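The values are calculated or read from the model by the stated rules, or taken from the named source; none is laboratory data. All values reported here derive from a predicted model rather than from experimental measurement. A quick note on method: Cβ atoms are made from the backbone with ideal geometry, for glycine too, and the neighbour counts reach across all protein chains shown.
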Amino acid sequence: MAVVMMLVSLCRSERFSTSREIHDMPGIGKPPTRQFCGFVETDEIQGVRLFYYLMESESANIFEENDDETPVLLWMNGGPGASSLAGIFSEVGPLLLNEENDFVKNPFSWTGKGHLLAIEFGPGIGYSYCHNSTLPNGTPFCSGDDRRSGLCSPCLASDTSVAFWNAIAIETIMSELFPSLRRNPLYILGESYAGVYGPTLGRELMRRDNDLKLRGLWITDPCIDNTEQFGHLDLSPAFALQKGMISNETHALLTETCFVGRTAVGDYKRDNSTASCREAWRTYDLATAGIGDAVHPAAIPNLPMYIDPLNALGLSGGGGDIETYLSRSDVREAFFGASYRNTSFPYFLEIGNNGYDEYTLQYQACNNDATAHEESVLQVWRDIVHEAKTSQANMELLILNGDIDGIVGLHGTEAAAHALGFPVSEARRPYFYNATAAPANFVLKKPIAFGSQLRAKDAGPQIGGFVTTFDTGAPSVRLRFLSVRDAGHMTPAYAPQKALHSVNAMIEGIRLTPPLPFSTLRDASDNSFYGSLFSEWINEARGAAYVNGAK
């Protein structure tokens with residue numbers, strides 16, 4: 001196998017970093033576009049080396065020095081504790097792993113929009129590691145069976161350290177390892193706890209001394225603020241009622257009688273002291289497979305996962321075994337070459353489900369242990385707007401949420417977007433996308449949960465969701481909130497066409513709908529509104545210029 005390997009020593013800090021082109025992937029062969037991977041040392045004292053995976057755009061040469069337009073899209077999964085390679089191989093990347101553990105080419109890959117980058121963090125997750133990772137007996141805080149089973153991390157990390165380390169990694173990748181990218185626009189995209197990761201990284205990059213051109217954030221189903229999202233997380237009883245999973249009577253018992261308090265994020269502390277309350281909570285558990293209304297639900301022996309925990313209306317099961325694939329010795333050989341012999345630490349696609357003991361949460365966002373002095377991510381978003389306005393940089397900011405996501409509910413995220421404090425410039429209104437046919441062979445072979453609304457025939461313009469636009473006080477800084485119809489917690493997987501439509505709107509800096517002035521909704525007579533304005537606006541919004549992303 002032909003291999004290109006380069007080791008780069010950064011003179012300024014003597015920071016270790018590597019880059020290797022992947023020519024042949026087991027089970028795949030030659031990748032759809034050129035792919036590169038390697039490590040960047042981001043903390044010499046702890047020995048933190050973060051693994052990155054870079055996929056070339058389908059339409060641009062990654063080494064083209066004169067190309068300063070092709071965007072670099074940084075993808076981030078959440079957790080804390082999830083590898084971003086989970087999203088690469090199940091949501092946004094060029095190849096998806098299905099239930100038969102076969103790779104299927106993704107016609108909705110984000111490499112159709114730019115160079116796609118993923119970084120595994122914090123150390124101890126995926127291939128990323130620290131000095132403690134290589135200790136044969138682990139560490140006092142992560143050792144034995146817990147270490148071997150991926151129940152803890154031998155490396156300490158926090159929201160602050162992750163933002164700092166990722167900033168170093170991105171600067172190194174785009175300026176040192178791939179200097180042809182140093183002038184390309186950078187976008188940060190992610191889901192779930194990337195609601196913390198993404199904005200904090202964006203703010204860190206904007207405040208550092210670098211030449212990178214951060215031009216947007218696209219964060220879906222995000223952790224933002226405990227107060228605004230209170231009661232809208234973790235398949236709450238309110239969500240279960242809205243989606244027809246429980247009755248009005250059960251909901252009333254759960255929310256009026258059968259609890260003894262609320263957690264910081266709004267989950268109910270159960271009271272099972274009466275027969276009626278036991279019945280209500282058990283009825284709710286039957287509807288939610290025992291995972292509802294808890295950040296860390298207790299395991300129930302021998303109970304299969306008979307719902308999709310991330311999608312109220314989704315199918316159970318689905319997806320390939322990404323962790324086993326990335327653990328294989330031949331895959332490590334392809335990624336790292338014959339010189340890679342460090343097998344003293346295993347590969348974990350995830351540590352914990354919503355955080356792990358060695359990770360410190362530092363924001364009032366999806367955080368049951370938040371203290372009053374800790375910052376809300378709302379302030380981080382405000383800081384990003386301020387930094388962009390001060391530097392007069394063009395910035396596209398999109399906050400999104402799937403409308404059938406029970407883990408991070410739509411209404412809490414929408415309330416958080418309004419709580420940023422910027423006035424609404426265009427009210428909530430539907431946007432449309434072009435529901436073109438997916439390749440028939442892809443529909444047959446794709447992962448079960450991926451794109452449940454995809455069809456092998458054109459469906460024409462369809463509602464993608466609803467959009468609200470806010471006035472940041474600077475035309476160059478645009479802030480929008482989008483709901484995404486029929487999307488669960490992993491929006492790009494559940495609604496790939498709609499997600500890609502909104503990503504395109506961010507990159508191109510274009511509108512999703514025609515203007516809808518407040519005067520049309522407030523002041524026009526019924527004769528004018530229902531006689532012509534209503535239908536004219538809808539017909540224009542469904543027109544090719546908007547559904548095809550040309551505006």
- the range 1-53: number of residues that are modelled with pLDDT under 90, of a type in the set (Lys, Arg) and surrounded by fewer than 17 Cβ atoms within 10 Å (Cβ to Cβ): 1
- Note on the structure: Scanning the range 131-161 for residues that are under 26 Å from the mean Cα position of the chain (by Cα) and of a type in the set (A, V, I, L, M, F, W, C), the one surrounded by the most Cβ atoms within 10 Å (Cβ to Cβ) turns out to be CYS155
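Residue-wise test of (1) more than 24 Å from PRO154 (Cβ to Cβ); (2) in contact with an Asp or Glu (Cβ under 8 Å, 6 or more places away or on another chain).
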position: MET55; (1), (2): yes, no
position: LEU74; (1), (2): yes, no
position: GLY81; (1), (2): no, yes
position: GLY93; (1), (2): yes, no
position: VAL104; (1), (2): yes, no
position: TRP110; (1), (2): yes, no
position: LYS113; (1), (2): yes, no
position: ALA118; (1), (2): no, no
position: GLY126; (1), (2): no, yes
- Message: Among the residues that make up the range 499-522, is at least one of them surrounded by fewer than 16 Cβ atoms within 10 Å (Cβ to Cβ), out of contact with any Phe, Trp or Tyr (no Cβ under 8 Å at 6 or more places or on another chain) and either among the charged types (D, E, K, R) or part of a strand (DSSP E or B) (or both)?
- Response: yes
- Determine if the range 200-216 includes at least one residue that is within 16 Å of the chain's Cα centre (by Cα), over 26 Å from TYR356 (Cβ atoms) and at pLDDT 95 or above. yes
- Subset of the range 381-410 [out of contact with any Ser or Thr (no Cβ under 8 Å at 6 or more places or on another chain), more than 14 Å from LEU482 (Cβ to Cβ) and not polar (S, T, N, Q)]: TRP381, ARG382, ASP383, ILE384, HIS386, GLU387, ILE404
- Note on the structure: Exception for THR520 within (1) over 18 Å from ARG428 (Cβ atoms); (2) without any contact (Cβ under 8 Å) to a residue 24 or more places away in the chain; (3) of a type in the set (S, T, N, Q) falls at (1)
- Task: Of the conditions (1) assigned to a helix (DSSP H, G or I); (2) in contact (Cβ under 8 Å) with a residue 40 or more places away in the chain; (3) under 30 Å from GLU64 (Cα atoms), GLY195 clears all except one; give me its number.
- Result: (3)
- Note on the structure: Taking the range 191-250 and keeping residues surrounded by 24 or more Cβ atoms within 10 Å (Cβ to Cβ) and among the polar types (S, T, N, Q) leaves SER192, THR200, THR220, ASN226, GLN229, SER236
- Among what's in the range 97-135 and is out of contact with any helix residue (DSSP H, G or I) (no Cβ under 6 Å at 6 or more places or on another chain) and among the aliphatic types (A, V, I, L, M), pick the residue that is modelled with the highest pLDDT. LEU117
- Search result, residues across the range 162-171 that are touching a Phe, Trp or Tyr at 6+ places or on another chain (Cβ under 9 Å) and surrounded by fewer than 24 Cβ atoms within 10 Å (Cβ to Cβ): ALA163
